[in-house]
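Chemist: Mind looking over this structure? Questions follow.
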Amino acid sequence: MSRRLSTTPALSAAQRSRLQRDLLDWFRANPRDLAWRRTGDPYRIWVSEVMLQQTQIATVIPYYERFLARFPTARALAAATDHALLKVWQGLGYYRRAMHLREAARVIVREHGGRVPDDPEAFAALPGVGRYTCGAVQSIAFGRRMAALDGNAIRVISRWLGLTKCVDETATKAALWQAAESLVPAEGDGPPRPATAGASPLRIGFNDPGDWNQAIMEFGALLCQPRSPRCSECPVQRDCGANRRGLQGRIPVRRKRKAIPHIEVGAGIVWRRGRILLCKRKADAMLGGLWEFPGGKRNAGETIQNCIRRELKEECDLGVRVGEHLIDVTHTYTHLRVTLRCYHCQAGPGQVKKIGCDDARWVLPHKIPAFPLPAADVRILQALGAAQER
């Protein structure tokens, strides 16, 4: 695998035609019944594509249903408060996606009459809409002949090409986009569409570009999997360069991942007269807009207890007496692994000042679940509830 190809391999016109026909035949015969495939509403298709970024389908399904029950239209989303939006999104992660969705919805209401624009240039100009999202929504919702290159499509196309270059390199990624665009069929270029009237509620066979982009992602998720591709079941095996060369287990080639740094954080359950202090993270920070049990990163050589005392002083100008340990919670983000070491604390005198946070409130314990919390803080809250029941 150390040998580098001087150029990116290409598929012939005959191979592209067979791939389009065989993969669309497979997809239209075997589509998963997913809620976003039952609608032609561009807004709902867009929401699904944003939620599915870096998130598994099984995780997305209940969030998608709850989100649309709460915000069924772009106008409803545009009017959402931070609190309502982040609470519905709580646990799905990558919270900036939710904030970008609402920002984009506000632009749609203000500039497009509340309708998701069917012009690719106008849609791409919306906050949070990148090349993948634009291609996916415009092809599925409007039949635009546009590629949608996600992780599944990168893996599938790399294997079809037998590509031994690192797909994380800029030039290789550009070549993959070019290949992806060449593979998208035009409207009516695919195989005959199945007669679905009265037979299926799924919106499959609506258009060839949209079906194709869904097909390639579905194929990558179900058959052309990362570690154990199911080549014996593959409907396009004869046109797969990796399979011909026995390289399907080694393609795509990726850069070696760096070790994820691990930090320790001291977090305080700070009590005062039966209430607990919650702080709202700054909007421009990681997990911005969410509420948390206050604390912060432990410095080298610092005890967790001293870390909590220092952080509460820096964040809220509040002195605390650190008491019993409650729980340690470890959570892994894309770029960081964090262990929160959580202790009960008693607040000293004085008013809370919002120095290192956007807001701070004393909250009765039974009302804390109404606040949008990071996943790690949800686990702390669960431990607190279990301890109080004992």
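Chemist: How far, in degrees from 0 to 90, does helix 208-222 lean away from the longest principal axis of the Cα atoms of the chain, to the nearest 10?
Modeler: Here the helix axis deviates by roughly 60 degrees.
Chemist: Enter the angle in degrees (range 0 to 90, nearest 10) between the Cα long axis of helix 13-29 and the first principal axis of the Cα atoms of the chain, meaning the one along which they spread out most.
Modeler: 60 degrees
Chemist: Still on this structure, I have one more. Averaging sequence separations of C-alpha pairs under 8 Å and six or more residues apart, then dividing by the length of the chain, give the relative contact order as a whole percent.
Modeler: Working: 613 pairs, mean separation 63.0, N = 390.
Result for the chain is 16 percent.
Chemist: Now, a different point. Kindly point out, ordered by number, any Cys in the chain whose beta-carbon has no other cysteine beta-carbon under 4.7 Å away.
Modeler: Cysteines lacking a close Cβ partner in the chain: 134, 166, 224, 231, 234, 240, 307, 316, 342, 345.
Chemist: Please report the relative contact order for region 13-245, taking Cα pairs under 8 Å with a sequence separation of at least 6, and give it as a percent rounded to a whole number. Please list the in-between numbers first.
Modeler: On the way: 273 pairs, mean separation 60.9, N = 233.
Result for region 13-245 is 26 percent.
Chemist: To the nearest 10 degrees, how steeply does helix 42-51 sit against the main Cα axis of the chain, on a 0 to 90 scale?
Modeler: The angle comes out near 60 degrees.
Chemist: Further question: Given H placed 1.01 Å from N in the peptide plane, which residues other than close sequence neighbours of residue 38 have an amide H under 5 Å from its amide H?
Modeler: The answer is 203.
Chemist: Taking amide hydrogens as modeled 1.01 Å from N in the peptide plane, which residues meet the under 5 Å criterion relative to residue 267, leaving out close sequence neighbours?
Modeler: Sorted by chain and number, the residues that satisfy this are 341, 342, 343.
Chemist: What number comes out for the charge environment of residue 146, summing +1 per Lys or Arg and -1 per Asp or Glu over other residues with Cβ under 10 Å away? Before the final figure, lay out each step's value.
Modeler: Values: positive: 131, 144, 145; negative: 181.
After counting each charged neighbour, the total is +2.
Chemist: Now, a different point. Using a simple spin-label model with points 7 Å from Cα along the Cα→Cβ vector, what separation in nm is obtained for residue 389 and residue 362?
Modeler: 2.8 nm
Chemist: Full extension from residue 171 to residue 334: what is 0.36 nm times the residue separation minus their Cα-Cα distance, to one decimal in nm? Walk me through the numbers before you get to the answer.
Modeler: On the way: separation 163, 0.36 × 163 = 58.68 nm, distance 2.41 nm.
Stretched out fully, the residue 171 to residue 334 stretch lengthens by 56.3 nm.
Chemist: Quick one: work out the % antiparallel among DSSP beta bridges in the chain, nearest 5. Write out the running numbers ahead of the final one.
Modeler: Values: 22 of 33 bridges.
Percentage antiparallel, nearest 5: 65.
Bear in mind that the values in this text are calculations on the coordinates, not laboratory data. Please read these numbers as outputs of a predicted model, since none were measured by experiment. Note that we place each Cβ from the backbone using ideal geometry, even for glycine, and neighbour counts take in every protein chain shown.
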